[in-house]
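Quick note: the coordinates plus some simple rules give every number you see, no bench work behind them. For clarity, every value in this text was computed on a predicted model and none was experimentally measured. Neighbour counts run over all protein chains shown; Cβ positions are idealised from the backbone, glycine included.
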Amino acid sequence: MKNFLKKLVGMQFFIPIAALLLLALFNLIADPSFFRITLGQNSNGDPVLSGYLITILDYGSELAILAIGMTLVTAATGGQDISVGAGIAIAGSVILKMLCGSNTRPTELQMPIMLAFFIAVLVSIAFSCFNGVLVAYFNIQPMVATLILFTAGRSIAAWINNNELPIISSECSRSFSYFGNFIPGIPIPTPVFIVAITIVIIMLLLKFTTLKLYTQSVGINPKSSRLNGLNPELIKITAFAILGVCVAISGLIKVSRLSTINYSVIAKDIEMDAILAVALGGNALSGGKFSTWGSILGAYVIQFLTTTLYKLNVSSDALPAYKAVVIIILVVASSATVREKVGRFFKELSSGNASAPGAGKGGVKA
Amino acid sequence: MREGAVLEMRGICKFFPGVRALENVDFTLCKGEIHALMGENGAGKSTLIKVLTGVYPMDGGEIFLEGDTRAAVIRSPQDAQKVGISTVYQEITLCPNLSVAENMYIGRDSVKGVNWKKMNEDADKILQSLDIPAKGSRQLGSCSIAVQQMVAIARAVDMDCKVLILDEPTSSLDEQEVAKLFGLMRDLKKKGVGIIFVTHFLDQVYEVCDKITVLRDGKLVGEYVIEDLPRVQLVSKMLGKDLDDMSDIKSESKPYDGNKDETVLECRGLCSNAGIKPFDFHINKGEVNGFTGLLGSGRSECVRAIFGADKVIGGKVMMNGKEVKITKPIQAMNCGIAYLPEDRKNDGIVADLSVKENILLALQVMKGFFKPLTTAQANEFTEQYIKLLDIKTASANTPIKALSGGNQQKCILARWLLTHPQYLILDEPTRGIDVGTKIDIQKLVLKLASEGTSITFISSETDEMLRTCSRLVVMRDRKVVGELSGDDLNQNMIMNTIAGGDK
Amino acid sequence: MNKKLTDKLRDMSDTNLLLTITLFVFVIMYLCAVIFLGEGFLKPQTFLNLFNNNASLIIISCGLSLVMITGGIDISVGGVMALVCMSCAVNLDLNGGNVFTSLLIALCIGLAFGIGQGLLIAYLDIQPFIVTLAGMFLARGLTTIVHTNPFNVENEQFVHLRETRITVPGLGTVNKHGKYIPAYIEIGVLVAVAVVIILFAVLRWTKTGRNFYAVGGNPQSALMLGINVKRTRFISYVICGLLAGIGGYVYFMHVGSGSPSHASGAEMNAIASSIIGGTMLSGGVGNIIGTLFGVLSLCTIKDIVSSIGLDDAWWTGITIALMLCIFLVIQSVIMVNKHSNKPSADSTDEKTAKKSAG
């Protein structure tokens, strides 16, 4: 039993799962209606599920998708991309530009949505690869390299549409809003499906290619990886390119939700949340070994927290303060030093009984 | 405390998760003696030293210092410095971004504030007196590894210490520098400093040391006066078994009986950006040859050029008579060349990955991005090679960084054997690993050669090369200066060729 | 590149090399501005305004450089500045405080953040990015909790302080109407200059100062060299927090209001300035004088952009990013060149030379 507990605490997913359970417990005590899911109808008369849990699944989608890409970049480069928010603005702007053409209030779409999305993916990959080249070939730390796009991204997004705000009204195209809302007849929010598809694709990629081994190996020791025939530069850029795709998908969901774009506000601070999701998932921000599932879980923990706070009537401006407190508690609880101390405390407690040799906790490595 | 002792460690214990690194170890160091600490890799030498210098907290035992009946409290390297223990660690533990002089004085209590002029002058004086070719104001990172190591020694020596610990300081030094270091050690010994000396070179132990303490598997084997312990006995104490005569391994193995004149690899005028002169080289099927020369003579650079590890800027390479283009390691690997790099820690292992992943890495890369090995295959290969090379690991999923140096080296060897190379390059495969594994590796080399693999074997220890190689390429000043084989293959001829005295 | 120059480059420490590049670029840039954009940039006041408008940025950039030299990062500084502005504003106008109580509040907030974050990062070994990210969230959130809406401070004592101008003798200009207009600086500039000088001296001539470099260069080695790595790290965050508090107050004196949106993006500007000033995010390399010129370069670019007439906000973003990009690439290329000149080559030459002589 004790060993089981210890193993549990040592597990990578312990922190995000424990956080989820705690949040759920808190909500259960505070107000059980948090968990109620009702089948209602939206303004168009289509059946939709509503409830806080659905909100979490729905609005956590962008974050979950980004977290996947961010995990790969973190693993391969040992650094983080802080330009994903700006990247979403660019991708969103490209989609709208493609769909609307020169008219900011179009009456019909200029091209199929999928084609516009595809172009946005290409643009997004191009920008991501720019980051990747700076990181891989010029050896600039990722945070610094992506600081460039972080500074310029929203300006570029505005420049793409000449600083105008195109709007795709429901008269123009109903199907455009499907990606961020509901498809008529399906009560589950579409972003949930998009996340599911993305996860499946990534998992297939990890299973049927050697992406995971290559990425980890390059992240831990690029020199040795090169001598084993790998091309570390290419792998780093690949990681960035995958993040680029994730950014474009998130961008599509974001603009579809709003049917328009606000360059300075869209996906603001989402890079911070995405990095946080990676860290909460038990991944080292210094790169190397990674778990995508951990990051995805981390993303939903963050969204769970946000939704819970909104429910408690915390204003959106004050939200970060509460978030910060929770983050601090989580990271302190998961820090190796604290765990070791707690572990030793338990050991001393149990030393009165049979003392098991070698039962010391992991993560004591100096 | 024993009469004249300057340091006494009693009943030292240290546990790591799942491992007993030290168990009840006693160690006594007397004034003015040079005391060798010997043992195989993973025997606990480094751990004992790290416990003594406060890097690791100890789980049991006491440390006494001269003139104090109470046990000393050493919780950090800072504490150790304060009580008069100064250390040169195995890896260079200096800051590359600071100047040489700063590295010598930082973290020492004697200095208040920084007087740059005085510090540089003082440093220059010491460097000069030790004949170290560096200036105090230069940035440490731009000096060669050997100079960095000497700076670390200069720092340790300059501190007014009672105990000086040298943990394998000689592995990156050439003979002259080693001689200099030994002179220094003898001077300090006269001044009454106790010196703990850790090394893998038996010659060096018998040259300077007075006493030997042997550790094995984290336990104390015994303390001996040097005259009472001949080499063979020392080695058998370290290994815990009697040593079969090492010099005979060459005659034991039978040479390759196929067509020996078949050239596997031939290069002409090969040249890389690492600063070697263009060289010609060829190797036949089933042949073991070697590159020899002083440190920095370009022997590693040669094999790196063959493997495409450095940027190749000229020359032709022919594999089995056909010209091939090798500019990147992956191309060399596809031609059937394997390369075990000199710097195990930085170029060899992928520290956080498991033993299994480390072993499979090269094969997986050769198979390609879209063809991952199945779990069953992966496990089978790993098990097979762990058994074949007798790799000591808790499981195949243990991170490789938890293994001792020798076992890590075996994993890297397994990685390359798994790719079934025609031509295997081993650059210093025996550096920094224990005697037992050294012999294992040499035997393996000969066995592989007898099965038809061509092998290049590079080692700093000429004995090893003589034992394994049938032909030696001699290098000096980044150029090939000669080739020795047959009867020319002996210590004297090698030395003469290296020194250029045969002309 | 000829051999002499390469040798010189190699003998230079990384810190000095990057500093030289920064100074060089700043001078070139300012000269270009003067030549192509006219006299405006020749006026002493234009130059002094660089300081007047950016005193707070100079101060927090110094703090950030210190943390970056030690191998960490602090992205909470912008948030702390906003919190300081709002708290001081509330203290002065709503709670009847005076200049001293508000200054005290500013310092305390800065110190509290510095100590808190320092403890978590240095003693609990938590990644600095995450801790200071939490710090940023906390500070931004608290700002709205302290007071939701932006407002101007009307406390007389403070307004008087804020409008104090210090005339710089001998640097005035005569305007079109023949009236002599003296050049001035604000109080904040004095604070910034003092911070730069003190921090420069500390980093260059004290033991603690050198410890920052050692810890940033290689923490493991620093530990083995007998440096208290944890304490050194801790101190760097405390100083950075304190400087964020001071910077916040200087900013407050410059704008004279409290608002949740104050100093947004300041942390990224500070990081960019430090990098342009030759600090490396990987630690161990950097210089406070460089940071000062990093801030000045960044702000000169902004000035140039607005005086060309590209006043749109997005051009500023794009040009700064462009400059950052060029800078990073130059730094990276030079560092790679410098370090790829195989360091072992010369010393082995020395060795072999000695050997053949002996």
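Is the shape of chain A best called rounded, prolate or oblate, per the rule: a/c under 1.5 gives rounded, else a/b larger than b/c gives prolate, else oblate, with a ≥ b ≥ c the square roots of the Cα gyration tensor eigenvalues? Oblate, since a/c reaches 1.5 and b/c is not below a/b.
Each label was represented as a point 7 Å from its Cα along the Cα-to-Cβ direction; for A:L234 and C:I198 these points are 5.5 nm apart. Pairs over the 18 Å Cα-Cα cut-off, from the set B:K45/B:K387; B:K325/B:K479; B:K31/B:K162; B:K31/B:K189; B:K31/B:K190: B:K45/B:K387; B:K325/B:K479. Taking 19 Å as the limit for the C-alpha separation, the pairs B:K410/B:K443; B:K50/B:K401; A:K212/B:K367; B:K367/B:K443; C:K43/C:K302 exceed it in the case of B:K367/B:K443. Under a 5 Å amide H cut-off, with hydrogens placed 1.01 Å from N, B:L98 pairs with B:L140, B:G141 among residues at least 5 apart or on other chains. About its Cα centre, the dipole of the protein assembly as shown is roughly 720 debye, where the only charges are +1 on Lys and Arg Cβ and -1 on Asp and Glu Cβ. By definition, a body whose alpha carbon gyration tensor gives a ≥ b ≥ c is oblate when a/c is 1.5 or more and a/b is not larger than b/c, and region A:1-116 fits this oblate description. Based on every Cα atom in the protein assembly as shown, Rg and the maximum pairwise Cα distance Dmax equal 32.8, 105 Å. Neighbour counting of Cβ atoms within 10 Å sorts the residues B:K277, B:K162, fewest neighbours leading, into B:K277, B:K162. Remark: spin-label model distance B:A499-C:S264 equals 7.7 nm, labels positioned 7 Å along the Cα→Cβ axis.
Each residue of region A:166-174 was assigned a 3J(HN,Hα) from its phi angle through the Karplus curve 6.51 cos²θ - 1.76 cosθ + 1.60 (θ = phi - 60°); the sequence is x, 10, 9, 6, 5, 5, 5, 8, 7 Hz, with glycine and proline shown as x.
FRET efficiency for the C:S306 to B:D187 pair, using the beta carbon distance and R₀ = 45 Å, is estimated at 0.05. Among B:43-51, B:391-399, the peptide with the highest mean count of other Cβ atoms within 10 Å heads the list, and the full ranking is B:43-51, B:391-399.
Considering region B:1-159, its Cα convex hull presents a mean projected area of 10.8 nm². 3J(HN,Hα) along region B:51-62: 5, 4, 9, x, 6, 9, x, 8, 9, x, x, 9 Hz, from the Karplus curve 6.51 cos²θ - 1.76 cosθ + 1.60 with θ = phi - 60°, whole Hz, x for Gly and Pro. Towards the positive end of the charge dipole of chain C, with charges on Cβ (+1 Lys, Arg; -1 Asp, Glu), say which of C:L107, C:V193, C:I28 has the farthest Cα. Of the listed residues, the answer is C:I28. Counting beta carbons within 10 Å around each of B:H282, B:H200 and listing the fewest first gives the order B:H282, B:H200.
Using +1 at the C-beta of Lys and Arg and -1 at the C-beta of Asp and Glu, which of A:A116, B:S142, A:T198 has the Cα lying farthest in the positive direction of the dipole of the protein assembly as shown? Selected residue: A:A116.
Helix A:336-350 and the long axis of chain A differ in direction by around 40°, with both axes built from C-alpha atoms. Counting only residues at least eight positions apart within a chain, or on another chain, the aspartates and glutamates with an alpha carbon under 12 Å from that of B:K328 are B:D310.
Cβ crowding within 10 Å, taken as a proxy for footprinting-reagent exposure, orders A:W159, B:W116 from fewest neighbours to most as B:W116, A:W159. By the rule of a C-alpha distance below 17 Å, with chain neighbours fewer than 8 residues away ignored, the aspartates and glutamates paired with B:K260 are B:E287, B:E451. With contributions of -39500 (n - 2.57) from each DSSP H run of at least four residues, the per-residue ellipticity at 222 nm computed over chain A stands at -21500 deg cm²/dmol. Approximating the spin labels as points 7 Å out from Cα along Cα→Cβ, the B:D59-to-B:F369 distance works out to 4.6 nm. Using only side-chain charges placed at the Cβ, +1 for Lys and Arg and -1 for Asp and Glu, the dipole size of region B:347-420 relative to its Cα centre rounds to 60 debye. In straight-distance terms, cross-link reach from B:K392 covers every one of the aspartates and glutamates whose alpha-carbon lies under 19 Å from its own, apart from those fewer than eight places away in the same chain; here that gives B:E40, B:D217, B:D352, B:E357, B:E380, B:E383, B:D434, B:D440.
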